[in-house]
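Visitor: This is the structure, below, for whatever I ask next.
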Amino acid sequence: MGSLRTRFTEEFGVEHPIVQGGMQWVGRAELVAAVAEAGALGMITALTQPTPEDLVKEIARCRELTDKPFGVNLTILPAITPPPYAEYRQAIIESGVRIVETAGSNPAEQVAAFKPAGVKVLHKCTSVRHALKAQQLGVDAVSIDGFECAGHPGEDDVPGLVLIPRAADELDIPIIASGGFADARGLVAALALGADGINMGTRFMCTVESPIHEEVKKRIVAADERDTELIFRPLRNTARVASNSVSREVVARLDAGGSFEDVRELVAGSRGRQVYEQGDTELGVWSVGMVQGLIDDVPTVDELVQRIVREATELVRGRLGSLISPTA
Ligand SMILES: Cc1cc2nc3c(=O)[nH]c(=O)nc-3n(C[C@H](O)[C@H](O)[C@H](O)COP(=O)(O)O)c2cc1C
């Protein structure tokens, strides 16, 4: 099997240009270690751990499962009682983790803490202007999340087909294309658009090692690309989640002029967590991307990564190569 070398694989010291982005309640040691073992870059999700001390333990647990490099995602979103971000940062640095995925807000504070400690920063954002700002602040690479993505697509609604080449035109640092990727076709397309690799959330959620209930994985396989809802649109804090009775009720209440208070109970993080633990996909809101329409199986992480890389090289050498006429 050939391998794909990009600025990202070189600078981040990983074998394949594939990242598993942070996923609340899903990004735990067993998934991240499996991604690392497969030669891709996994991220433990810091805020899935209730305290910075628990994060230290989760990082140690991941190290017991793999000797290969992995990162930690630290997401900073608006919160009524913010988590102790500085303590989480300290836990990451003191654990000797060398790569962090930042997301959710301007990464100035994160860069100021992580860069002097020798930690590489991969900042995830949803617009070219935010990517440029992150580059100016000194991040090492940017993940650019198109409108297709699970979680927070931002408010500009620019899909990857436009957003990725726009980012590639403007930025000097490596770019990871994110949102809507699940297979070799997506990876080859991302590279053609000017990216140095892909980030996947939903696809990695639907693997053997993903620590969520089987019923949720079955639901992702059964669902199609139309089965997501955009909640919190009127609050300008849009999130793409699975379409179910709860998310549709949230959309209806906010569209009718409701405020956050009117949906607070429906969107509680603890209810989303129960979906993954109990396997009842109607218990709360849970993140998933449009790309579920392209997901038909639950492979091991290793099968998935090897399949994507193998089929990507075959696609470039085979179908794409054969399109070039001999006289060209
Ligand atoms: C279940 C789930 C939870 C997520 N939680 C987070 C999170 O806590 N922080 C974050 O930066 N991104 C989060 N994301 C977004 C992913 O890291 C990634 O950017 C996104 O899934 C890419 O789109 P895709 O699902 O189409 O691959 C989450 C995605 C999923 C599917």
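Taken together, the values in this text are just the output of simple stated rules run on the coordinates, not laboratory data. This structure is a prediction, so every number in the text was calculated from the model and none was measured. Counting neighbours? That spans all protein chains shown, and the Cβs are built from the backbone with ideal geometry, glycine included.
Visitor: Less than 22 Å apart at the alpha-carbon level, and either on another chain or at least 8 residues along: which lysines does that give for Lys124?
Guide: Those lysines meeting the cut-off are Lys115, Lys133.
Visitor: Right, another one. Send over the Kirkwood Rh of segment 214-290, from the inverse of the averaged 1/r over different Cα pairs, rounded to one decimal Å.
Guide: 12.5 Å
Visitor: Among 262-273, 27-38, 96-107, how do they line up by average Cβ neighbours within 10 Å per residue, starting with the highest?
Guide: 27-38, 96-107, 262-273
Visitor: Over the alpha-carbon set of the chain, divide Rg by the Kirkwood Rh and report the Rg/Rh ratio to two decimals.
Guide: With Rh from the inverse mean 1/r over Cα pairs, Rg/Rh is 0.95.
Visitor: How do the peptides 121-127, 232-238 rank, highest first, by the average count of neighbouring beta carbon atoms within 10 Å per residue?
Guide: 121-127, 232-238
Visitor: Now a separate question. Just the number, please: Stokes-Einstein D of segment 181-328 in µm²/s, Kirkwood Rh from C-alpha pairs, 10 °C, 1.306 mPa s.
Guide: For the chosen part, D equals 92 µm²/s.
Visitor: With Cβ to Cβ distances under 10 Å as the rule, what net charge do the other residues near Thr9 carry (K, R +1; D, E -1)?
Guide: Local charge sum for Thr9: -2.
Visitor: Taking the Cα centre of segment 92-229 as the origin, how large is its charge dipole in debye, to the nearest 20, when only Lys and Arg (+1) and Asp and Glu (-1) carry charge on their Cβ atoms?
Guide: 300 debye
Visitor: Take peptides 186-198, 290-302 and line them up by average Cβ neighbours within 10 Å, highest first, as a rough protection proxy.
Guide: Ranked by mean Cβ neighbours within 10 Å, highest first: 186-198, 290-302.
Visitor: Would you compute, from DSSP H runs of 4+ residues alone, the mean residue ellipticity of the chain at 222 nm, taking -39500 (n - 2.57) per run and dividing by the full residue count, rounded to the nearest 500?
Guide: Calculated from helices alone, the mean residue ellipticity at 222 nm is -11000 deg cm²/dmol.
Visitor: Now for a separate question. What trypsin sites (Lys or Arg not before Pro) in segment 154-228 are in a loop by DSSP, with at most 16 other Cβ atoms within 10 Å of the Cβ?
Guide: Those that pass, being in a loop and sparsely packed, are Arg226.
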